[in-house]
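Before any comments, here is the structure.
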Amino acid sequence: MSPEFDIANPGAVELFESLRAFGYDLPTALADIVDNSITARARNIWIDLNWKGADSRIIIRDDGDGMTEMGLVQAMRPGSLGPLAERSANDLGRFGLGMKTASISQCRCLTVMSKATSSTTVVRRWDLDYIASTGTGEWRLLKGIDLLPPTDHEVLADQATGTVLFWDRLDQLVGDASLDDEVAQRHFRERADAVKLHLAMVFHRFLRGRNSIRIHLNGRPIEPWDPFLEDADAVDPMPSETLVFGNEEVVVKPFILPHHSKLSAERHALAAGPKGWNAHQGFYIYRNRRLLVAGDWLGLGMQKEEHYKLARIRVDLGNSSDLIWQIDVKKSRARPPTVLHKDLQRLARAARGRAAKIYRHRGKVLQRQHGDNQVFLWTHLVRHGKTFYKVNRDHPLVRKVLGDTGDKAAVRALLNLVEQAVPTPLIVINNAEAPNAFGGPFEDSPSDLRQAMEAVFFAMVDQGRNRADAARALAGMEPFNHFPEQLAGFLDEVARRESEIQELMKRR
Ligand SMILES: Nc1ncnc2c1ncn2[C@@H]1O[C@H](COP(=O)(O)OP(=O)(O)OP(=O)(O)O)[C@@H](O)[C@H]1O
Ligand SMILES: [Mg+2]
């Protein structure tokens, strides 16, 4: 016995039982396993949930790089690679725990079989009941292919490399349910559906595009769920910003989703996400494109509210920011470092403001639906992922000028030039440096506001609208909708002048 220290190994049974309480559920546990397959460069991941009462199993197989015998033994150790170790930039792991903690949160017996290039198939098993039965507290990692029934031996036979996890004794999911227990079986099926939704969301950026991977659940490929509906026309992406702190960078891009009247009922229901529209607003944090947080205001002093539900903000982190962002083992939490709070609040406020407008101003949307495309002076165009701002040629004043001018080509060239030279980079920089420091429309020139109202109003009247209609259109139009009092004053005066004219006509 050394006089300086005692060896204080944790008891294997006790520690494993405690690790079970990390708080995984079936979908988050499987996501952790999929992480490993993706890191091992798998192209396909097959997840099978096989109902067989108390003998139900979950089998997760991939065609990734696999592990050698030494690699597998190391991988089975809790804490196989510590959180402080340097990892390759595309590694989805951090703690050296996931495979073990996620698996044993769901099952009492984890068997891993793996095959790497030019090495034989190897098998190792953590069996919680076996470890308890030895009464020694030893970390006995069982080995040998005969741990598995012969039908399992060939699972990797057709693959050059790959890994399979067998989850047996699923005490959380099925317990000791009998084969014909319909309630338990229904529960099992429902959990499979939850797994599908969760993986579709967490890995959506891996499931589409070049080099995409496939995740098959009970034989069916999982379709990605994109929270930003990037392929829908009516989505309003705001410019992305890169926030730099120390050596780290995060890229933030808000998306304002369309008003529900712009989506089909089916699309709208699908876009809600597994937990519903309200729950899925806020920041979406991705680490190496893998989703950690699916909509949260991150404790920045903002609540989830119905009228902000169209705001979804994408945040992209690399895996070198893990400690700063307090990523947890389950990869379900991330907390922004304090230095970023202000910037994130600013971006959140801007996105929430815009989302609330779209949510509330059904009027605007309805006007547009009624074919009235004249309301917006600027329209926002996204082409091949790039944003352009265009002057709306159907705006009444633009139409009037184009109609009246003797030199249409020059006016068109001018509009084109204005559009091509929108100083977006400068606006973005100014806004980042001094948020809320932009002058509002007509802030320093009330008389210009009045003139603009008059010009647009009479342009509409000239174009054949009746006055009541033109007044209504003016009230819904940017930026006049922000000046209801001045607008009312202007319209009163128009009405007064009108009645004076009529009075004069009568007297004649
Ligand atoms: N499907 C797989 N294919 C190849 N190697 C794997 C596979 N699953 C796990 N491994 C190896 O096992 C190791 C341990 O995995 P585990 O999930 O426990 O920890 P981690 O991924 O390193 O970190 P984290 O705890 O953050 O998930 C991995 O680092 C990897 O080397
Ligand atoms: Mg892992």
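Rule-based calculations on the coordinates, nothing more; no lab input. This structure is a prediction, so every number in the text was calculated from the model and none was measured. Glycine also receives a Cβ, built like all others from the backbone with ideal geometry; neighbour counts cover every protein chain displayed.
Miscellaneous remarks
- Length released on extending from Glu86 to Val411, taking residue separation times 0.36 nm less the Cα-Cα span: 111.1 nm
- Between 0 and 90 degrees, the angle of helix 424-433 with respect to the longest Cα principal axis of the chain falls at about 70 degrees.
- Working from label points 7 Å from Cα in the Cα-to-Cβ sense, the Ala269 to Arg360 distance is 3.1 nm.
- Principal-axis analysis of the Cα atoms of the chain puts helix 182-202 at an angle of about 60° to the longest axis.
- The chymotrypsin sites (Phe, Trp or Tyr not before Pro) found in region 1-66 that occupy coil by DSSP, while having at most 10 further C-beta atoms within 10 Å, are Phe5.
- With a simple spin-label model that places each label point 7 Å from the Cα along the Cα-to-Cβ direction, the separation between Asn481 and Ala437 comes to 2.9 nm.
- For Gln502 and Val401, the difference between the fully extended length at 0.36 nm per residue and the C-alpha to C-alpha distance is 33.4 nm.
- Sparsely packed chymotrypsin sites (Phe, Trp or Tyr not before Pro) within region 378-440, loop by DSSP, other Cβ within 10 Å at most 16: Phe438
- Extension gain, Thr136 back to Ala8 (0.36 nm per residue minus Cα-Cα distance, nm): 44.6 nm
- Loop-located trypsin sites (Lys or Arg not before Pro) in region 217-321 (DSSP state not H, G, I, E or B) with no more than 16 neighbouring Cβ atoms inside 10 Å: Lys275, Arg289, Lys304.
- Exposed loop sites are taken as GluC sites (Glu not before Pro) in a DSSP loop (any state but H, G, I, E or B) with at most 12 other beta carbon atoms within 10 Å; the longest stretch of the chain without one runs 155-442.
- Near the amide H of Arg289, within less than 5 Å, lie the amide hydrogens of Leu317, all on another chain or at least 5 residues away, with H placed in the peptide plane.
- Here's the list of lysines a cross-link from Lys309 could span, going by alpha-carbon distance under 17 Å and ignoring same-chain residues fewer than 8 apart: Lys253, Lys262, Lys275, Lys357.
- Judged by the gyration tensor of its Cα atoms, with axes a ≥ b ≥ c, region 1-44 is oblate; a/c meets the 1.5 cut and b/c is at least as large as a/b.
- Summing charges over neighbours of His268, with a neighbour being any other residue whose Cβ is under 12 Å away from its Cβ, gives +2 when K and R count +1 and D and E count -1.
- Note on region 322-356 and region 392-443: Cα centroid distance 33 Å, given to the nearest whole angstrom.
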